[in-house]
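The values are calculated or read from the model by the stated rules, or taken from the named source; none is laboratory data. Here the structure is a predicted model, which is why all the values come from computation and not from measurement. Cβ atoms come from the backbone with ideal geometry, glycine included; neighbour counts cover every protein chain shown. The accessibility values were calculated without ligands, DNA or RNA, using every heavy atom of the protein model including side chains. Shrake-Rupley method; radii C 1.70, N 1.55, O 1.52, S 1.80 Å.
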Amino acid sequence: MNEKKRKILHLSALSILFAYWIIKIYFGKGYGIVFLIGILLAVWLYEAFRLIPLLRKKRKELNIPLPFQDTIRDYEKNRLTGASYLILGIIICFLFFDFRIAFVSVCMGILGDIIAGLVNGKYKIPYIEKDRYLESIIAEFLIDSLIGFIFLPFNGIIFLMAFTATTMETISMKLDDNLTVPIITGLVGQFFI
């Protein structure tokens, strides 16, 4: 699996956020949500050609390549990838939370994950959880806090959201963190605004 390419792909999800923002400004929230649902349907179509045996067989018969195969982790080989969960998380956040809270929650989920992954294990500061090192947790909290300072008025909510995003990213859960981090972080932010 190509981890660097996966991180770049993850980073490209920020373009979806900014596209939603522009659509929301010029056409309204409803059109923005429709745009996000369109992205989700496109991702699910990709997943269908990858996971459903009949479609996978047809794709191979027609010799149609499926991009990004080298970014799929082993545990995602027979299930939905993080992209499906991320887009679903983005839709839920923008549907139910204040725009700023949703935007910051999703940015924390995307950038926090990238930074934690890049820093994890560089200095080998003792394990916290399975394959997580302390330096990745600190780096994620700092980037999440920075995101909060950039997009939210200064108050305690920034640190609560950064702490929540970092904690959700660190603990192991059965649900994909691309879904849980923005939603749980958004819930905390929404509750305290």
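In segment 138-147, what residues are farther than 13 Å from Cys107 by Cα and open to solvent by less than 30 Å² (accessible area, probe 1.4 Å)? Once the filter is applied, which keeps residues that are farther than 13 Å from Cys107 by Cα and open to solvent by less than 30 Å² (accessible area, probe 1.4 Å), segment 138-147 yields only Ala139. Report, by residue number, each residue of segment 43-71 that is open to solvent by 60 Å² or more (accessible area, probe 1.4 Å), modelled with pLDDT of 90 or more and closer than 17 Å to Leu9 by Cα. Within segment 43-71, Trp44 is the sole residue that qualifies. Candidates are the residues of segment 82-126 that are within 21 Å of Phe163 (Cα to Cα) and outside any helix (DSSP H, G or I); the one that is most open to solvent (accessible area, probe 1.4 Å) is Pro126.
Is it the case that Ile150 is more than 20 Å from the chain's Cα centre (by Cα), farther than 20 Å from Ile8 by Cβ, open to solvent by 70 Å² or more (accessible area, probe 1.4 Å) and β-branched (Val, Ile, Thr)? In short, no.
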